[in-house]
Each structure stands twice: as C-alpha cells, then as structure tokens.
1. Report yes if THR85 is in a helix (DSSP H, G or I) and surrounded by 23 or more Cβ atoms within 10 Å (Cβ to Cβ), otherwise no.
2. Report the residue count in segment 160-184 for those that are of a type in the set (D, E, K, R) and assigned to a helix (DSSP H, G or I).
3. Here is a list: ARG97, ARG57, ARG80. Which entry is away from the ligand (no atom under 14 Å from the Cβ) and in contact with a strand residue (DSSP E or B) (Cβ under 7 Å, 6 or more places away or on another chain)?
4. What is the one condition in (1) of a type in the set (A, V, I, L, M, F, W, C); (2) surrounded by fewer than 19 Cβ atoms within 10 Å (Cβ to Cβ); (3) part of a strand (DSSP E or B) that ALA98 does not satisfy?
5. Within segment 19-41, is there a residue that is surrounded by fewer than 20 Cβ atoms within 10 Å (Cβ to Cβ), touching a Ser or Thr at 6+ places or on another chain (Cβ under 6 Å), in contact (Cβ under 8 Å) with a residue 40 or more places away in the chain and not charged (D, E, K, R)?
6. Looking at VAL157, VAL202 in this structure, which one is part of a strand (DSSP E or B), of a type in the set (Val, Ile, Thr) and crowded, with 20+ Cβ neighbours inside 10 Å?
7. Within segment 114-163, count every residue that is more than 13 Å from the ligand (Cβ to nearest atom) and of a type in the set (S, T, N, Q).
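The values are calculated or read from the model by the stated rules, or taken from the named source; none is laboratory data. Keep in mind it's a predicted model, so treat the numbers as computed, not measured. In this analysis, Cβ positions are derived from the backbone assuming ideal geometry, glycine residues included, and neighbour counts consider all displayed protein chains.
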Amino acid sequence: MSGLVNSPEAYFGQFIPPRSRLLAELEKEARQEKIPIVGPLVGELLYILARAVQADRILELGTAAGYSTVFLAGALASSRGRVVTVEQDPAMAQSARANFQKAGLSGRIEVVVGNAPAVLSTMAGPFDFAFLDIEKADYAVVLPDCRRLLRPGGMLVADNVAFQDADAFNRMIFNSAKWRSVNLFGYLPGHSPVQDGLCLAVRV
Ligand SMILES: C[S@@+](CC[C@H](N)C(=O)[O-])C[C@H]1O[C@@H](n2cnc3c(N)ncnc32)[C@H](O)[C@@H]1O
C-alpha cells in the first residue's frame with residue numbers, strides 16, 4: 001500500500017470546484033466585508049448532498065448574502081422545488097434577495113427575516129434537507145424543530161461544529177436515537193475557517 005500524499009493541504013488545495021462569476025463575486029464581497037461563508041468546497045458538498053437526496057424542499061438557517069443558498073437552489077430536484085432561508089439581519093436579507101435576483105433564482109428562494117428559533121416554531125414541513133449555519137449556540141435550540149420539519153430520511157447538515165459553542169448540539173445529536181449522524185473534521189479550502197467540523201445527519 002502506498003503512503004499518504006505529501007503536504008495534503010497543498011495537494012487537496014488543487015481540487016477546488018470551479019464556480020460561476022456570481023459565486024466568485026460573492027466570495028470577493030465576503031472577503032471584503034468579512035462575511036464568513038462556506039466557500040466553494042462546502043458549497044459543492046451541499047449541492048452534492050442535496051442532489052443525492054433529491055431535495056425539493058430545502059431549509060437553510062443563516063443566509064448572510066446568499067452564497068450557500070445559491071448552491072442549494074442549484075440542487076433542487078424539480079422546477080417546483082424551493083429553498084426557504086432564514087436570516088435575522090434585515091440588511092443581509094436584502095443583500096441576499098438582490099443576489100438571488102441577479103442569479104435568476106428569486107422565484108425559487110424565499111428569504112424569511114427573523115430569529116431562527118422563533119421562525120421555525122411557526123413553520124410547517126416537510127423539508128427534505130436542512131442546513132444550519134447560524135450562531136452555533138442556537139444549533140441545539142433549533143434541533144427539535146429541524147426534526148419536526150424534516151421528513152423521515154431527510155438530511156441535516158450543520159456547519160462549524162468544531163466551534164466550542166456547537167458542543168451542546170454535537171452531544172445532543174450524537175446521543176439521540178432520533179438521528180444517525182457523523183461529525184467530520186477536516187481541511188476545507190475557502191471555508192471560514194479552513195479547518196473545521198461538519199455534522200452530517202439523517203432523521204430517523
Ligand atoms: C456564517 S453566516 C452564514 C453564511 C452563509 N450560510 C453562507 O455560507 O453564505 C451566519 C448568518 O446567520 C445569521 N444568524 C445568526 N444567528 C441567527 C439566528 N439565530 N437566526 C437567524 N439568523 C441568524 C447571521 O446574521 C449571519 O448572516
């Protein structure tokens with residue numbers, strides 16, 4: 001058996017998926033405005049996972065300027081598919097709406113302005129896929145509603161689970177029979193931060 005590649009970060013740094021001009025512009029804006037985004041690798045991962053579960057109803061918590069939302073909307077399984085994305089900052093939500101307009105995606109994405117735990121408690125499902133990217137301490141708070149809103153077999157992805165504030169969420173989902181989950185820690189080029197954890201889970 002051969003050994004591992006030398007300098008894995010430099011090696012895997014070669015394999016960053018190509019993306020559209022709009023996404024490249026949003027990455028530039030994110031760097032300038034210091035908006036923490038998932039970046040091209042995790043964006044493509046979201047696309048692949050949402051495609052794999054043939055998601056037609058996608059829930060996102062934490063829109064910012066809509067970078068990750070564009071990947072999710074691109075993965076919708078049918079022309080009737082929709083992404084509902086929740087953002088607490090009205091100015092961010094406005095900027096995301098403008099970006100969706102530019103991308104020709106306005107008809108496929110609903111931006112809900114509000115605090116995710118409050119918004120979710122009034123929402124009805126079912127969703128096929130949920131992506132969490134809000135304040136990490138809120139992940140544990142929204143987990144029961146995410147389960148209620150996801151269909152059985154629906155997928156949940158949580159970003160930044162290597163942050164200390166995600167500890168309650170990590171323990172809650174790992175110890176629950178209501179979910180099958182894995183936590184992955186790795187090198188994620190273009191992600192904020194480049195070394196971080198992701199939780200992938202299926203609603204039992
Ligand atoms: C890390 S950024 C999201 C980045 C985005 N998912 C991307 O990759 O392009 C987190 C966003 O979540 C919003 N946010 C944080 N806590 C929230 C909450 N409890 N409810 C709604 N939005 C929240 C912040 O205002 C911020 O815009």
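1. On the way: in a helix (DSSP H, G or I): no; surrounded by 23 or more Cβ atoms within 10 Å (Cβ to Cβ): yes.
No.
2. Looking only at segment 160-184, we keep the residues that are of a type in the set (D, E, K, R), and these are 165, 167, 171, 178, 180.
Cutting the leftovers down to assigned to a helix (DSSP H, G or I) gives us 165, 167, 171.
The total comes to 3.
3. On the way: ARG97 fails: away from the ligand (no atom under 14 Å from the Cβ); ARG80 fails: in contact with a strand residue (DSSP E or B) (Cβ under 7 Å, 6 or more places away or on another chain).
Answer to the selection: ARG57.
4. That leaves (3) as the condition not met.
5. So far as segment 19-41 goes, yes, one or more of its residues are surrounded by fewer than 20 Cβ atoms within 10 Å (Cβ to Cβ), touching a Ser or Thr at 6+ places or on another chain (Cβ under 6 Å), in contact (Cβ under 8 Å) with a residue 40 or more places away in the chain and not charged (D, E, K, R).
6. Working: VAL202 fails: crowded, with 20+ Cβ neighbours inside 10 Å.
Unique residue meeting the criteria: VAL157.
7. Counting residues in segment 114-163 that are more than 13 Å from the ligand (Cβ to nearest atom) and of a type in the set (S, T, N, Q) gives 1.
Per-residue answers, yes or no, for (1) modelled with pLDDT under 95; (2) more than 9 Å from the ligand (Cβ to nearest atom); (3) hydroxyl-bearing (Ser, Thr, Tyr); (4) closer than 30 Å to GLN14 by Cβ:
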residue: PRO40; (1), (2), (3), (4): no, yes, no, yes
residue: GLY43; (1), (2), (3), (4): no, no, no, yes
residue: ALA65; (1), (2), (3), (4): no, no, no, yes
residue: THR69; (1), (2), (3), (4): no, no, yes, yes
residue: GLN88; (1), (2), (3), (4): no, no, no, no
residue: ALA93; (1), (2), (3), (4): no, no, no, no
